[in-house]
Amino acid sequence: MKKIYFITGNKGKILEARNKFSTVDIEIVQKNLGYPEIQADKLEDVAGFGVKHIQERFNEPFILEDAGLFIDVLNGFPGVYSSYVFHTVGCDGVLKLLKGFNDDKRRACFRSVFAYMEPRGKPLFFTGECYGKISTKMLGDHGFGYDPIFIPDSSSKTFAQMETEEKNCFSHRGRSLNKLIEFF
Ligand code: IMP
């Protein structure tokens, strides 16, 4: 069976990738190698820098992902700063920023960019988006990160109220993984 290494320390991302790849003959192997996450305007640039750093140290085909939550009324914030914001103020901090805003001011989009790299190759990018809104309180205990406060369009549940398979049907990552699987 073909093996693809997924460079991440995030078990939630691994779970979601394995759920998607369970339909094809490819094994997703977690490799928890650190890499610098540069300050950049685009997720592609963050992922692109990360894959080049790993390629110099790791001699197998691998994938790496950068994702972010972009809130319309905050001009896309936290976006590329999603990780920093999550580790400083978390879901609570985002809810506070949107306090008193009604539904049409709570529009947001999750974006995912996968980069696939082969030894001595050039990175290939696969993107996925999911539009929805920020809930008014945290709901659910599945998933990770901002899952308890994000309700995708065409659902009334947050990602954290969904099992992995259901989240994958709607999510930014489910969509970028579909493109990756199609490529393989
Ligand atoms: P990362 O840099 O791709 O790991 O993600 C940036 C931030 O967004 C981290 O704090 C993640 O927890 C969060 N995040 C990324 N993907 C998701 C998701 O699918 N659901 C909820 N939060 C996410």
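Read the figures in this text as sums done on the coordinates, not as results from a lab. Every value quoted in this text rests on a predicted model; they were computed, and no experiment measured them. So basically every Cβ, Gly included, is an ideal-geometry build from the backbone, and we count neighbours across all protein chains shown.
What's the longest bit of the chain with no exposed GluC sites (Glu not before Pro), using DSSP loop states and at most 12 other Cβ atoms within 10 Å as the test?
Longest gap between qualifying sites, sites excluded: 57-162.
What net charge do the residues around Gly128 carry, taking every other residue with its C-beta under 9 Å from that of Gly128, with Lys and Arg at +1 and Asp and Glu at -1?
Details: positive: Arg111, Arg173, Arg175, Lys179; negative: Glu129.
Cβ neighbours under 9 Å give a net charge of +3.
Farthest toward the dipole's positive end in the stretch 68-184, which of Tyr116, His87, Phe183, given Cβ charges of +1 (Lys, Arg) and -1 (Asp, Glu) about the Cα centre?
My answer, from the dipole projection, is His87.
Please tell me the relative contact order of the stretch 2-183 in percent, rounded to the nearest whole number, where contacts are Cα pairs under 8 Å and at least six residues apart.
Value for the stretch 2-183: 20 percent.
How would you classify the chain from its alpha-carbon gyration tensor, with a ≥ b ≥ c the square roots of the eigenvalues: rounded for a/c under 1.5, else prolate if a/b is greater than b/c, otherwise oblate?
Prolate, since a/c reaches 1.5 and a/b exceeds b/c.
Loop only by DSSP, 10 or fewer other Cβ within 10 Å of the Cβ. Give me the trypsin sites (Lys or Arg not before Pro) in the stretch 95-184 that pass, ordered by residue number.
Sites meeting the loop and neighbour criteria: Lys99, Arg120, Lys137.
Which of the lysines could be linked to Lys11 by a straight reach, that is with a Cα gap under 27 Å, when you skip same-chain ones fewer than 8 residues away?
Lys2, Lys3, Lys20, Lys31, Lys42, Lys52, Lys122, Lys133, Lys137, Lys157, Lys167, Lys179
Suppose only helical runs count, i.e. DSSP H with n ≥ 4. What mean residue ellipticity at 222 nm does that imply for the chain under -39500 (n - 2.57) per run, divided by all residues and rounded to the nearest 500 deg cm²/dmol? Don't jump to the answer; show the numbers that get you there.
Values: 6 runs with 58 residues, N = 184.
Computed ellipticity for the chain at 222 nm equals -9000 deg cm²/dmol.
Considering only DSSP beta bridges whose two residues both sit in the stretch 2-183, what percent are antiparallel, to the nearest 5? Could you put the intermediate results ahead of the total?
Details: 24 of 32 bridges.
Among the beta bridges of the stretch 2-183, antiparallel pairing accounts for roughly 75 percent.
Specify the angular offset, from 0 to 90 degrees and rounded to the nearest 10, of the alpha carbon long axis of helix 43-55 from the longest principal axis of the alpha carbons in the chain.
30 degrees
Give me D for the stretch 58-150 in µm² s⁻¹, whole number, from Stokes-Einstein with Rh from the Kirkwood sum over alpha-carbon pairs, 25 °C and 0.890 mPa s.
The Stokes-Einstein estimate is 169 µm²/s.
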